[in-house]
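Accompanying notes for the structure given below.
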Amino acid sequence: MLATVLNNLSARLSDLGRREDALAIVEEAVALRRDLVVQYPNASRLDLAVSVSNLAARLSELGRREDALIVAQAAVALYRELGDQVTNAFTPGRAASLNNLAAILSDLGRHKDALTFSKQALILGRELAAQNPDAFTPDLATSLNNVAVMLGDLGRRQD
């Protein structure tokens, strides 16, 4: 529960512009969740994936994009591992982590790679919205917008 509270506190601090504080707090949440997964292999890896994804976002907000990229890739890998274990159970988080990774890659000027991950998130977003439109249409809209931005970044304005 402490890791959950820390994760939420980090998000609120970030919303308030207290980025350094938010980073320190989410790093603590990640450390706690990693310890839990090591100590209790059946512990929720989903919580770890959520915190790792949030850590990537906090690093990116501070302009530490190379660090954020490494962490975002780790979050995507965690979600893929989870997705392989239980089909579709972790699709929303997986889509969000792909969008996060795409944004970081775009910030680093790696627009082709960013587009690849944005398109992967879009595929998942379409699946989710088809299953539950009320819950996932806003996320689908975000994914569509992200793909449009990535295409624009590549000069593919018509697409």
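The values are calculated or read from the model by the stated rules, or taken from the named source; none is laboratory data. Remember, predicted model here, so these are calculated numbers, not experimental data. Methodologically, a virtual Cβ is constructed for each residue, glycine included, from the backbone with ideal geometry; neighbour enumeration extends over all protein chains shown. Calculation scope for accessible area: heavy atoms of the full protein, side chains included, ligands and nucleic acids excluded. Shrake-Rupley method; radii C 1.70, N 1.55, O 1.52, S 1.80 Å.
With viscosity set to 0.890 mPa s and temperature to 25 °C, compute the Stokes-Einstein D of segment 8-79, Rh being the Kirkwood radius across alpha carbon pairs; µm²/s, no decimals. Can you show the working numbers first?
Working: Rh = 12.1 Å.
The Stokes-Einstein estimate is 203 µm²/s.
Using a Gaussian network model of the chain in which every pair of alpha carbons under 10 angstrom is joined by a spring, one finds that among Gly17, Gly83, Gly125 the greatest mean-square fluctuation is at Gly17.
Here the chain is treated as a Stokes sphere of Kirkwood radius computed over C-alpha pairs; at 25 °C and 0.890 mPa s its diffusion coefficient rounds to 153 µm²/s.
Calculated [222 nm] ellipticity per residue, helices only, for the chain: -28500 deg cm²/dmol; basis is -39500 (n - 2.57) per DSSP H run with n ≥ 4, divided by all residues, nearest 500.
So for segment 1-128, taking the charge dipole from beta-carbon charges (+1 Lys/Arg, -1 Asp/Glu), which of Leu9, Ile70, Ala43 sits furthest toward the positive end? Result: Ile70.
Taking the Cα centre of the chain as the origin, how large is its charge dipole in debye, to the nearest 20, when only Lys and Arg (+1) and Asp and Glu (-1) carry charge on their Cβ atoms?
Numbers: 17 positive and 19 negative charges, 61 e Å.
So the dipole magnitude of the chain works out to roughly 300 debye.
Where the accessible area of the chain is counted over protein heavy atoms with a 1.4 Å probe, how much of it, in %, is carbon and sulfur? Roughly 52 percent, rounded to a whole number. Computed on the Cα atoms alone, the convex hull of segment 96-140 gives a volume of 49 cubic angstrom per residue. Axis angle, to the nearest 10 degrees, between helix 91-107 and the longest C-alpha principal axis of the chain: 70 degrees. Seen against the Cα atoms of the chain and their longest principal axis, helix 19-39 is set at about 70 degrees.
Quick one: pull the percentage of alpha-carbon pairs in segment 68-159 with a separation above 21 Å.
Numbers: 1233 of 4186 pairs.
Value for segment 68-159: 29 percent of Cα pairs lie more than 21 Å apart.
Between the helical axis of 45-61 and the longest alpha-carbon principal axis of the chain there is an angle of about 70 degrees.
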